[in-house]
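Before any comments, here is the structure.
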């Protein structure tokens, strides 16, 4: 639990979702489902029977919803983590620790964080402004725009210590180091 | 951003790290503004300035120095939370000059000091900044209104103020903090006022600086650094030696009865003004003003005449300002208790209520 509430990541802790390649697996499973649906029109009676019993559309929808749920969890949680990094200036150690725990929950979370980054930034700007207002600080439109503009340009490496960033995003860290 | 937060200049700072720090500093400055009630930073016109650089890392202390380490941690959290930006109050302007000019009427015997402050205001206006770094020493007989002048000035400038009675000051720690090796070490008043409060240029009133006791160390020791422009800009409190703070914008007014008792090196850091007791006519005007202020303070404008009687004026004109204030207040209280229509001040030197003597007769 952080100061904004419970991380949504905790809804996705079932053992079936612990495979580090989960995102690829989901994509492959969806392809498989369509292939199976096509096979169902062939001549093999056993295969046809098995495949006709399979509701490909429903399973495809389930995979899609799971993937969407993961995306929302990633963007919501990252927004909270960004807001904590920004607002809790006096305790950056805690913010970094939360990032570390969140990113290491399963190997695909760093990938989700990267993919959902823009959405996370938008959500976090709203969270920061909301928190400031609830602290009794008047945030006028100009100030809100300044905060939004400042958050909009954040990258993950702005919020993580370099070694932590490199451990979760080795490819990007190497590319940036080379450039 | 409308303010430029202090950036770390160390070699390991990168531009990306600064993005987060800049935003944190901006938010810290919003918090500082909101504490003073001027939250609309676009319209308030009050500038903010950086008073220290936030260190990148907590300093490393010996493992055995647990107290020091814990204190460092608390201070480090505090400075990160509050940020380095502080408000610069008393922005120089025509309105400000007009307000200061009113001191001529309310404190007529301080006219040379008032003129000096007006000059400083004009210089500040030229630089489009605020009244900063005043170092004034007012000396003169007791009861001429030196402390009252300093406090009235602080109110006019709307600056946070700290009155330090130097006659009861016992050690240098009061101003400059105590040495960090003491387990109960804590920062001094100056550090606290600037780092923990909202303004970079508060007003410190050092009352009765000539009566500072010296038998327990030198309570004035820190002033040698604090009153020198360049060294004040990198003032290190003894309790927090790792954080130089810019105290050069602080305003200082000291009062003294006997200026000869102040060390020449310290005197030379002030601009001195000798304050004479107000003349009889000045005192008559002054007591009338004090009377009006009293009536307003207790909402008694409809209850008593707006003008003091001739007898009362004549009686008060023979007193010091302090005495006159005391007599007016006592007489007002007595008039209320006895349901009188006028203040019982007669020509016999003071209020019709004889002064109570305490002790053996």
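The values are calculated or read from the model by the stated rules, or taken from the named source; none is laboratory data. Being a predicted model, the structure only gives us computed values, none of them experimental. Cβ placement follows ideal geometry from the backbone for every residue including glycine, while neighbour counts extend to all protein chains displayed.
Results, tabulated for the structure shown:
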{"quantity": "Condition met for residue A:104 (under 28 Å from residue A:19 (Cα atoms) and either within 12 Å of chain B (Cβ to nearest Cβ) or in contact (Cβ under 8 Å) with a residue 24 or more places away in the chain (or both))", "calculated": "yes"}
{"quantity": "Flag if residue A:67 is away from chain B (no Cβ under 14 Å), more than 22 Å from the chain's Cα centre (by Cα) and at pLDDT below 95", "calculated": "no"}
{"quantity": "Residue identified as surrounded by fewer than 23 Cβ atoms within 10 Å (Cβ to Cβ) and within 17 Å of the chain's Cα centre (by Cα) among B:185, B:231, B:167", "calculated": "B:167"}
{"quantity": "For residue A:90: the one exception among (1) within 12 Å of another protein chain (Cβ to nearest Cβ); (2) modelled with pLDDT of 95 or more", "calculated": "(2)"}
{"quantity": "Boolean, residue A:49 is more than 19 Å from residue A:17 (Cα to Cα), within 14 Å of chain B (Cβ to nearest Cβ), out of contact with any helix residue (DSSP H, G or I) (no Cβ under 7 Å at 6 or more places or on another chain) and modelled with pLDDT under 90", "calculated": "no"}
{"quantity": "Candidates B:120, B:98, B:81 - the one that is surrounded by 15 or more Cβ atoms within 10 Å (Cβ to Cβ) and in the same structural domain as residue B:229 (by TED's automatic domain parsing)", "calculated": "B:120"}
{"quantity": "Counted residues, region A:161-172 - those being in a loop (DSSP other than H, G, I, E, B) and more than 10 Å from chain B (Cβ to nearest Cβ)", "calculated": "1"}
{"quantity": "Residue within region B:235-256 that is in a helix (DSSP H, G or I), crowded, with 16+ Cβ neighbours inside 10 Å and modelled with pLDDT under 90 present", "calculated": "no"}
{"quantity": "Single match in B:106, B:36, B:46 (criterion: in contact with a strand residue (DSSP E or B) (Cβ under 8 Å, 6 or more places away or on another chain), modelled with pLDDT of 80 or more and closer than 30 Å to residue B:146 by Cα)", "calculated": "B:36"}
{"quantity": "Output for region A:134-155, where each listed residue is more than 10 Å from chain B (Cβ to nearest Cβ) and under 19 Å from residue A:103 (Cβ atoms)", "calculated": "none"}
{"quantity": "Count of region A:84-117 residues which are within 18 Å of residue A:165 (Cα to Cα) and assigned to a helix (DSSP H, G or I)", "calculated": "23"}
{"quantity": "Residue check for residue B:354: modelled with pLDDT under 90 and in a helix (DSSP H, G or I)", "calculated": "no"}
{"quantity": "Hits in region B:322-334 - residues which are closer than 15 Å to residue B:290 by Cβ and at pLDDT 85 or above", "calculated": "B:323, B:324, B:325, B:326, B:327, B:328, B:329, B:330, B:331, B:332, B:333"}
{"quantity": "Members of region A:137-179 that are without any contact (Cβ under 8 Å) to a residue 40 or more places away in the chain, surrounded by fewer than 17 Cβ atoms within 10 Å (Cβ to Cβ), touching a helix residue (DSSP H, G or I) at 6+ places or on another chain (Cβ under 8 Å) and closer than 23 Å to residue B:82 by Cα", "calculated": "A:138, A:144, A:148"}
{"quantity": "Number of positions in region A:107-126 that are modelled with pLDDT under 95 and within 13 Å of chain B (Cβ to nearest Cβ)", "calculated": "0"}
